[in-house]
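> My questions all concern the structure below.
The values are calculated or read from the model by the stated rules, or taken from the named source; none is laboratory data. Keep in mind the model is a prediction, meaning the values are calculated, not measured. Note that each Cβ is placed from the backbone with ideal geometry, even for glycine, and that neighbours are counted across all protein chains shown. The protein model used for the area step is the full one, side chains on, heavy atoms only, and it has no ligands, DNA or RNA in it. Shrake-Rupley method; radii C 1.70, N 1.55, O 1.52, S 1.80 Å.
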Amino acid sequence: MTRKTIFDPKYRAMINSLRSLRVQQGLTQRDLAKKLNVAHCFVGRAETCERRLDIMDLIRILRALDFNNREILRFLEELL
């Protein structure tokens, strides 16, 4: 069984993709945090890999970035 870690290259690639999507939409970390109704440090810690995102966090972030269900599934498939 592989160990889940923030150091996994696939996890870091996912975080980089999320950051790029946020920036492409012209959102700051604070803007995204407001859309998620969380403290801005949540986004900052996730993007610097200080906090590991679970699947529910990931889906909430993608929805806040205006992804529909099909786009969310496509994003997840590309991670694998």
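> For the range 8-51, what does the alpha-carbon gyration tensor say about shape, rounded, prolate or oblate, given a ≥ b ≥ c as the root eigenvalues, a/c under 1.5 as rounded, and a/b over b/c as prolate? Can you show the working numbers first?
Details: a/c = 2.85, a/b = 1.38, b/c = 2.07.
Oblate is the answer for the range 8-51, as a/c is 1.5 or above yet b/c matches or exceeds a/b.
> What is the range 37-80 by shape, rounded, prolate or oblate, if you read a ≥ b ≥ c off the alpha carbon gyration tensor as root eigenvalues and call it rounded for a/c under 1.5, prolate for a/b larger than b/c, and oblate otherwise?
Because a/c hits 1.5 or more and a/b fails to exceed b/c, the range 37-80 counts as oblate.
> Rounded to the nearest 500, what is the 222 nm mean residue ellipticity of the chain from helices alone, with -39500 (n - 2.57) per DSSP H run of 4+ residues and division by all residues?
-20000 deg cm²/dmol
> Still on this structure, please answer the following. Taking the structure as given and computing Cα Rg over 2.2 N^0.38 Å, which label from [x] 1.16; [y] 1.09; [z] 1.05 fits?
[z]
> In whole percent, and with a 1.4 Å probe on the protein chains, what portion of the accessible area of the chain is carbon and sulfur? Please list the in-between numbers first.
Working: 3020 of 5690 Å².
Here carbon and sulfur together make up 53 percent of the probe-accessible area.
> I would also like to ask the following. Could you state the accessible area per residue of the chain in Å², with a 1.4 Å probe and every protein chain left in place? It would help to have the intermediate numbers written out before the result.
Working: 5690 Å² over 80 residues.
Here the residues of the chain average 71 Å² of exposed surface.
> Also: Work out from phi, with θ = phi - 60° and the Karplus expression 6.51 cos²θ - 1.76 cosθ + 1.60, the ³J(HN,Hα) of each residue of the range 53-62, listed in order in whole Hz, and give x for Gly and Pro.
Calculated HN-Hα couplings, in order: 7, 8, 4, 5, 4, 4, 5, 4, 5, 4 Hz.
> Heavy-atom accessible area of THR5 with all protein chains present, probe 1.4 Å, nearest 10 Å²?
So the heavy atoms of THR5 present about 40 Å² to solvent.
> Under a plain spin-label model, where a point goes 7 Å from the Cα along Cα-to-Cβ, how far apart in nm are ARG12 and ARG70?
3.4
> Which value, in debye to the nearest 20, gives the size of the charge dipole of the chain about its Cα centre, when Lys and Arg are +1 and Asp and Glu are -1 at the Cβ? Mind showing how you got there, number by number?
Working: 16 positive and 10 negative charges, 34 e Å.
In total the dipole reaches around 160 debye.
> Please report the net charge: other residues with Cβ closer than 13 Å to the Cβ of THR28, K and R +1, D and E -1.
Working: positive: ARG19, ARG22, ARG30, LYS34, LYS35; negative: ASP31, GLU47.
Combined, the nearby Lys, Arg, Asp and Glu give +3.
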